[in-house]
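Take a look at the structure below.
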Amino acid sequence: MENFVVSARKYRPATFDTVVGQNAITSTLKNAIKTNHLAQAYLFCGPRGVGKTTCARIFAKTINCENLSQTIEACGKCGPCLSFSESNSFNVFELDAASNNSVDDIRTLVDQVRIPPQIGQYKIYIIDEVHMLSQAAFNAFLKTLEEPPAYAKFILATTEKHKIIPTILSRCQVFDFNRITIDDIAKHLAYVAKNEKVKAETDALHIIAQKADGALRDALSMFDQLVSFSGDDGITYQSVLQNLNVLDYDYYFKAVESLLSNNTSSILMLANEVIENGFDGHHFITGLGEHLRNLLVSRDTITLKLIETSDNIREKYKEQAQLCSLPFLMKALELGSKCDLNYKIATNKRLLLELTLLQMCNSPVETGSYIAAVEMPKPSVAVDFSNKTEKPIAPQQEKITPAVPVTVEKTEPLAHKVEDPSPEVRTSIKPNVVAKTLSIKEQLNEANNAQLMSESNAGYGTSEDEFDSEKLNEAWTKFYEQIVKTKPESASVIKVRFPEIKENWALDLLVDNPIADSDLLETKTDLMEFLRKELNNNKISLTTHMEVSKVEAKPFTATEKFNKMASDNPDLQKFKDKFDLELDF
């Protein structure tokens, strides 16, 4: 029986052109060989399975090749190439620093470096997992690494660059290997499947690529596992989900459908199904967050390419994104992020997950509105709102006025204005109709201001008596005296300064910081009601603004303090230069 060779070894790249996803690094190495600008030491760093050791071997083989091709690739036929391919080369040495990390091991290596190569031009030392060397071994290696013989080249490889001491880093050319993209891994898996004559669905290969998390070796290992699992049936989407225990896209598409329809029963049953299938709730909420992020970028064709998946799944994202408003996605992402942060410290993790999903169900559906749900008076008879001529009959209650957005004159316009606040008009407003895009905080402020204005307008006529700054300041002071004991925070903001009168009786107040603005908001309704009664003018509106003060940066370090003093007294700089003085840190 022929020995089986795993795909990660069988399809290991043997030339620079076959390396997957590291074009920038391979091009740099080929140009260095072409121009004969070879450094004495290289450091290859990056996550697992991205080609660090593979590129080191290809580089070592290529610089000793006697018949380089025009594309700067090893011929594979000369003596050094054949000995390297048969793993009996006397010029290429691989050292595992995890098991050879002592000073004695480095001393042995230094002794070997003194012997010139017998065949070929260079002796190459590949030291894998170099961060495992001890501090003493690093120090013993410094001199040889900085000034080796001309024929000696060192290639260090590590997954933890931060553990390498700076004196080693400064002696090496550092190459940072990137995680391999999902598309590149999927294309390479398709190439392997074609050579192995294995049937594989495109969506299945993309799931394997996503599960590999940027490591091609992991993807090939999972590919071999799935070939053994599937047999002659080939690798299908369902077999990948079953074998790798992956939550597929359908779960998240169904979850968003339930959230959009406010179907709390459906979303709770879906979460229960996920947990019963053996998946962790934390994995589900993070996956849902990734799904919502994909929907967010799918709203624009420009950002649609940011989704790393197959064309079929990408089209599904595009279709569902058209059904989701921007406020819904932003609020759901915010809730999912909070759940992700609190999941590990939560005592009842399932309750936290279900509560987050229920809050997502009550997220706003209309763009530009984060107004909390208000109990509206129900009509006494059933009314078909599609008929615009009929109006619902409200029950007889004592002047119950629903909080509805009205036109508010401000220095900055609202996202939208509603001319007719009747129920039939409100029901006809469609989502995603916005004059300009606002942030979540701005939308909250706009909604709160609209509600405050509607509450303060209730029960007043259209009086519009004129007043000047003196009358306004008297009324302003009188209101301060009324609330100074009951609401000291708001009173302190009112006491600081008086507002200015703008056009159409709009009042503009300068506040010092966002906290003062928030304190004033708590009593804004009472303030406007008082001013309108006191000044007999129902068109009074109030806005606030803050001035950004420019604070000059003060010198902090010794160098900054000296430069500041030298700018004030140029002779100080001359004195320092004349006597060649240094700053005492």
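Summary of values
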{"read-out": "Distance in nm between pseudo-label sites at Asp512 and Asp311 (7 Å out along the Cβ direction from Cα)", "value": "6.3"}
{"read-out": "Relative contact order (%) - criterion: Cα under 8 Å, at least six apart; region: the stretch 19-158", "value": "29"}
{"read-out": "Sequence ranges 58-65, 221-228, 112-119, ranked by mean other-Cβ count within 10 angstrom, highest first", "value": "58-65, 221-228, 112-119"}
{"read-out": "Modelled FRET efficiency - R0 22 Å, Ser85 with Ala39, Cβ distances, 0.05 increments", "value": "0.30"}
{"read-out": "For the stretch 160-267, size of Cβ-based charge dipole, Lys and Arg +1, Asp and Glu -1, in debye", "value": "500"}
{"read-out": "Cα gyration tensor of the stretch 267-348 - equivalent ellipsoid semi-axes, whole Å, descending", "value": "25, 15, 11"}
{"read-out": "Kirkwood estimate for the stretch 294-339, i.e. one over the average of 1/r between Cα atoms, Å", "value": "11.0"}
{"read-out": "Surrounding net charge for Leu542, when Lys and Arg each add one and Asp and Glu each subtract one, Cβ distance under 9 Å", "value": "0"}
{"read-out": "For the stretch 48-100: relative contact order, % (alpha-carbon pairs under 8 angstrom, 6 or more apart)", "value": "22"}
{"read-out": "Values of log10 I(q)/I(0), in the order q = 0.24, 0.25, 0.31 Å⁻¹, for the stretch 233-288 under a Debye, Cα-only, solvent-free model", "value": "-0.97, -1.03, -1.30"}
{"read-out": "Sequence ranges 237-243, 294-300, 278-284, ranked by mean other-Cβ count within 10 angstrom, highest first", "value": "294-300, 237-243, 278-284"}
{"read-out": "Whole-number accessible area per residue in Å² for the stretch 123-173, which is evaluated in the context of all protein chains at 1.4 Å", "value": "41"}
{"read-out": "Long pairs among Lys10/Lys77; Lys123/Lys143; Lys187/Lys316, criterion Cα-Cα beyond 24 Å", "value": "none"}
{"read-out": "Net charge, Leu68 excluded, C-beta distance under 14 Å - Lys, Arg +1, Asp, Glu -1", "value": "+1"}
{"read-out": "Two-decimal Rg to Rh for the stretch 1-153 - Kirkwood Rh, Cα set", "value": "0.96"}
{"read-out": "For the stretch 94-160, Kirkwood radius (reciprocal of mean inverse C-alpha pair distance, Å)", "value": "12.2"}
{"read-out": "Zone residues, the stretch 238-281, relative to Glu290, backbone N less than 11 Å from point 7 Å out along Cα-to-Cβ", "value": "246-249"}
{"read-out": "Two-site FRET efficiency, Thr347 against Asp111, from Cβ-Cβ distance with R₀ of 35 Å, rounded to 0.05", "value": "0.05"}
{"read-out": "Cα lying deepest toward the dipole's positive end in the stretch 258-331, options Ser258, Phe284, Asn294, charges on Cβ", "value": "Asn294"}
{"read-out": "Stretchable slack from Leu572 to Thr15, in nm (0.36 nm times residue separation minus alpha-carbon distance)", "value": "194.4 nm"}
{"read-out": "Cα-centre dipole for the stretch 484-529 with unit charges at Cβ (Lys and Arg positive, Asp and Glu negative), debye to 20", "value": "200"}
{"read-out": "Flagged links, alpha-carbon separation over 24 Å, of Lys254/Lys318; Lys163/Lys349; Lys30/Lys52", "value": "Lys163/Lys349"}
{"read-out": "Chain lengthening between Phe229 and Asn504 when straightened (0.36 nm per residue, less Cα-Cα)", "value": "91.4 nm"}
{"read-out": "Relative compactness, the stretch 214-261, computed as alpha-carbon Rg over 2.2 N^0.38 Å", "value": "1.49"}
{"read-out": "The stretch 197-343: Rg to Rh, with Rh as the Kirkwood radius over Cα pairs", "value": "0.99"}
{"read-out": "Inter-centroid distance (Cα atoms) of the stretch 234-275 relative to the stretch 167-215, Å", "value": "26"}
{"read-out": "Neighbour net charge for Ser239 - beta-carbon separation under 10 angstrom, K R +1, D E -1", "value": "-2"}
{"read-out": "Cα Rg over Rh - the stretch 62-121, Kirkwood", "value": "1.08"}
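The values are calculated or read from the model by the stated rules, or taken from the named source; none is laboratory data. These numbers come from a predicted model, not from an experiment. Because the Cβ atoms are built from the backbone with ideal geometry, glycine has one as well, and the counts that use them run over all protein chains shown. In case anyone asks, the SASA skips ligands and DNA or RNA and just uses the protein heavy atoms, side chains included. Shrake-Rupley method; radii C 1.70, N 1.55, O 1.52, S 1.80 Å.
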